[in-house]
Amino acid sequence: MSERKVATDLAVGESYAPYSFHVTPDLNEQYCYAEEDYDSRYRQGDSGDPPLVHPALILNMSNRTRSPSFYMPEGHSVLHAKDIIEFISPAYVGKKLNVTWTVCERYKRRGRDFMVIDCRVIDEDGRDIFRRFSHNTHIKGGEA
Amino acid sequence: MTDLTTASQPGAEMRGRDYRLSPARMRAFSGGPFEMDGWPLVNIHTDLAHAESCGLKKRNASGTQWQGYVIQMMLDLFGTGWLSRGTIETKFIRMVLEDDVITPWAVVAEREDLDDGVKFALEIGCDNQDGVTVLAGSATGILRGV
């Protein structure tokens, strides 16, 4: 699916458009700054491998708001309620990462609608980086 | 921060360092790549007027930004191998706003001895500058070597 659809209208089984991005050293360094994390593992490779991609960069780029088809009306926003993440392989600087999102559950709690998104991140070589189940709800002006 | 070792027992507590969510770091995290035309993106994390239009009093930090602090802590405790076998479950239980100071923590909940190491289950969380827990959850990881 590639058309823009209001994010709250997707049904179980529907997907947001996939997103791909290239992790450059500059982008990785930007997230090291954002996270106040200057560990050498993000600048120097180990045992012949390139530097690691900062995990927070992948987390942020795998929020469904990154999807080209993600759309919310003005004055509305997403609230992130819960994440369950399985880390499978490290990601390396210089690689392209591909992200997919599929709605796998919808439920109501305390009068709010929640969506559970099954998100997968895979690198350009087909290596699974992580799988993430994100529970989200939505707010509109004056509600928060 | 107290180290996690293969001798650590249930109840052992570890506390990370403090992180202040400055507007500059929030823009770096949520504003898109620096080289993007029109940087930063306008959203509730980067733009006060937009945050106010959504009913917020201040810019709201992206949950994934401070979720990153507990993940940093897991890498410090377990090493980079955690990225190949670690799990984490996090609930975002309170909003975090600009200039809040966040501290991640972990407590050993369970341990399981393996042939070549120990698998730990941790209770994890983040507290704000008032000592209020804003994120709570659990994580698992393996420390190799006995």
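The values are calculated or read from the model by the stated rules, or taken from the named source; none is laboratory data. Model, not experiment: these values are computed from the prediction. No Cβ is skipped: glycine too gets one built from the backbone with ideal geometry, and neighbour counts run over all protein chains shown.
Computed values, structure above
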read-out	value
Residue, nearest to the chain's Cα centre (by Cα), within region B:13-46, restricted to residues that are buried (at least 18 other Cβ atoms within 10 Å of the Cβ) and more than 10 Å from chain A (Cβ to nearest Cβ)	B:16
Selected residue (only one of A:42, A:19 is touching a Cys at 6+ places or on another chain (Cβ under 9 Å), more than 7 Å from every other protein chain (Cβ to nearest Cβ) and more than 23 Å from residue A:113 (Cα to Cα))	A:42
Any hit, region A:95-115, residues being touching a residue at least 40 places away in the same chain (Cβ under 8 Å) and outside any strand (DSSP E or B)	yes
Qualifying residues in region A:22-39 (those that are part of a loop (DSSP other than H, G, I, E, B) and crowded, with 19+ Cβ neighbours inside 10 Å) - the one farthest from the other protein chains (Cβ to nearest Cβ)	A:23
Residue ID - surrounded by the most Cβ atoms within 10 Å (Cβ to Cβ), chosen from residues in region A:64-90 that are of a type outside the set (S, T, N, Q), facing another protein chain (nearest Cβ under 8 Å) and part of a loop (DSSP other than H, G, I, E, B)	A:90
Hits in region B:50-84 (condition: assigned to a helix (DSSP H, G or I), surrounded by fewer than 20 Cβ atoms within 10 Å (Cβ to Cβ) and either touching a Pro at 6+ places or on another chain (Cβ under 7 Å) or at the interface with another protein chain (Cβ under 7 Å from one of its Cβ atoms) (or both))	B:53, B:84
Qualifying residue in region B:25-47 (condition: assigned to a loop (DSSP other than H, G, I, E, B), under 29 Å from residue A:73 (Cβ atoms) and in the same structural domain as residue B:108 (by TED's automatic domain parsing))	no
Selection count, region A:116-144, where residues are of a type in the set (Asp, Glu), surrounded by 14 or more Cβ atoms within 10 Å (Cβ to Cβ) and not in a strand (DSSP E or B)	1
Among residues of region A:102-115, those that are under 18 Å from residue A:73 (Cβ atoms) and either among the acidic types (Asp, Glu) or surrounded by fewer than 17 Cβ atoms within 10 Å (Cβ to Cβ) (or both), counted	2
Failed item in (1) surrounded by fewer than 15 Cβ atoms within 10 Å (Cβ to Cβ); (2) out of contact with any helix residue (DSSP H, G or I) (no Cβ under 9 Å at 6 or more places or on another chain); (3) more than 11 Å from chain B (Cβ to nearest Cβ), with residue A:49 passing the rest	(3)
